[in-house]
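Before any comments, here is the structure.
The values are calculated or read from the model by the stated rules, or taken from the named source; none is laboratory data. As the structure is a prediction and not an experimental result, all values here were calculated from the model. As a convention, Cβ positions derive from the backbone with ideal geometry for all residues, glycine included, and neighbour counts pool all protein chains shown. Ligands, DNA and RNA are excluded from the accessible area calculation, which covers all protein heavy atoms including side chains. Shrake-Rupley method; radii C 1.70, N 1.55, O 1.52, S 1.80 Å.
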Amino acid sequence: MKTALTEILEIEYPIIQGGMAWVAEANLAAAVSNAGGLGIIGAGGADAKWVEDQIIKAKTLTDKPFGVNIMLMNPQADEIAKVVAKHNVKVVTTGAGNPGKYMEMWKNAGIKVMPVVASVAMARMMERCGADAVIAEGTEAGGHIGEITTMVLVPQVVDAVNIVVAAGGIADGRGFAAAFMLGASGVQMGTSFVATKESTVHDNYKAKIVKAKDIDTKVTGRSTGHPVRNLRNKQTNTYLKLEAEGAGLEQLEKLTLGGLRKAVVDGDVDNGSVMAGQSAGLVKEICSCKDLITKVMTQGEQLLSKGFD
């Protein structure tokens, strides 16, 4: 399936794996890329050395294009930006800031840049500063979120900029087809890839996603201006109770400090931060990245071929 996205990224299928902190490392990224999508290493809050090690490792596992997601609030963002240029990583996706100051360096290294955006204004700004495409992420997504739903956000961003990837709530071929009907040139999926065989997250984390129902995600942090979507557990219940009681930022941050690592690495899905999107309710099994992409593409292309008949 050829789209504007597959053309600029030189990938087989227009599917990108989300750059999830503590989850998206070299093994998962390489598996997604080998399956024909675009795997992403998630820098998150890691240091530049870890990111460089992951890039080097990924290159031993795949000869396909892969990318790195950089959270621009990371104190080492400048160093990580230089690392991806040094290693000529094919793609950079960004979040939590404006990557404008890195554009010249990345373009000189032949890197395609795709910021994650949650509004039309941000999408336009990113295109003006040199972005090759934008990832329009709706509030259905896991982790840090905006306020606009994918169904509403994507077509408005499509009307505003050139190449758009739809993200948030997409887990199967139906979501894939819907994204293309909205005008997207590709999709980004996160939660579905967390629950794959190649994902190195703790089995407890994967099992919690597979068991999730439609109502099982909760958004914490609205009172702080930094909303985060997680699967509900003891931590989210305590957090929401404290928010309702008017707890301050310091008390709330103390509750979640190290929470994602606790869930991903230690498997504590009661007291850790089990970040996942609303699409968790659509994830019914743990399969390989190749099988997941094949199922999404097969179902998606079948639906798109029907058109409006």
Suppose the filter is closer than 28 Å to K206 by Cβ, among the aliphatic types (A, V, I, L, M) and modelled with pLDDT of 95 or more; does A171 pass it?
yes
Please tell me if N88 is part of a loop (DSSP other than H, G, I, E, B) and closer than 19 Å to I11 by Cα.
yes
Pairs please, first residue from the range 179-195 and touching a residue at least 24 places away in the same chain (Cβ under 8 Å) and within 19 Å of V68 (Cβ to Cβ), second anywhere and among the aromatic types (F, W, Y) and in a loop (DSSP other than H, G, I, E, B), Cβ atoms under 9 Å, 6+ apart in sequence or on different chains.
G186/Y13
Within the range 38-46, identify whether any single residue is surrounded by fewer than 21 Cβ atoms within 10 Å (Cβ to Cβ) and at pLDDT 95 or above, and answer yes or no.
no
Do any helices (runs of 4 or more DSSP H) lying entirely in the range 140-216 carry at least 3 residues that are under 25 Å from I11 (Cα atoms), and which ones are they?
150-160, 173-181, 191-194
Output for the range 121-136, where each listed residue is among the acidic types (D, E) and closer than 22 Å to E147 by Cβ:
E127
Residues in the range 142-158 that are modelled with pLDDT of 95 or more, aliphatic (A, V, I, L, M) and open to solvent by less than 60 Å² (accessible area, probe 1.4 Å) total 4
Unmet requirement for E198, which otherwise passes all of (1) under 21 Å from A58 (Cβ atoms); (2) in contact with a Gly (Cβ under 9 Å, 6 or more places away or on another chain):
(2)
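If you check V219 against the conditions, is it of a type in the set (V, I, T), surrounded by 12 or more Cβ atoms within 10 Å (Cβ to Cβ), in contact (Cβ under 8 Å) with a residue 60 or more places away in the chain and touching a Gly at 6+ places or on another chain (Cβ under 6 Å)?
Taking the combined requirement at face value, the residue does not satisfy it.
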So, in the range 31-56, exactly how many residues are of a type in the set (A, V, I, L, M, F, W, C), farther than 18 Å from H202 by Cβ, in contact (Cβ under 8 Å) with a residue 60 or more places away in the chain and not in a loop (DSSP other than H, G, I, E, B)?
1
Among the residues of the range 11-29, is there at least one that is open to solvent by 20 Å² or more (accessible area, probe 1.4 Å), of a type in the set (D, E, K, R) and free of Cβ contacts under 8 Å to residues at least 12 places away in the same chain?
no
Out of the range 225-236, which residues are touching a residue at least 12 places away in the same chain (Cβ under 8 Å) and either surrounded by fewer than 20 Cβ atoms within 10 Å (Cβ to Cβ) or in a loop (DSSP other than H, G, I, E, B) (or both)?
H226, P227, R232, N233, K234
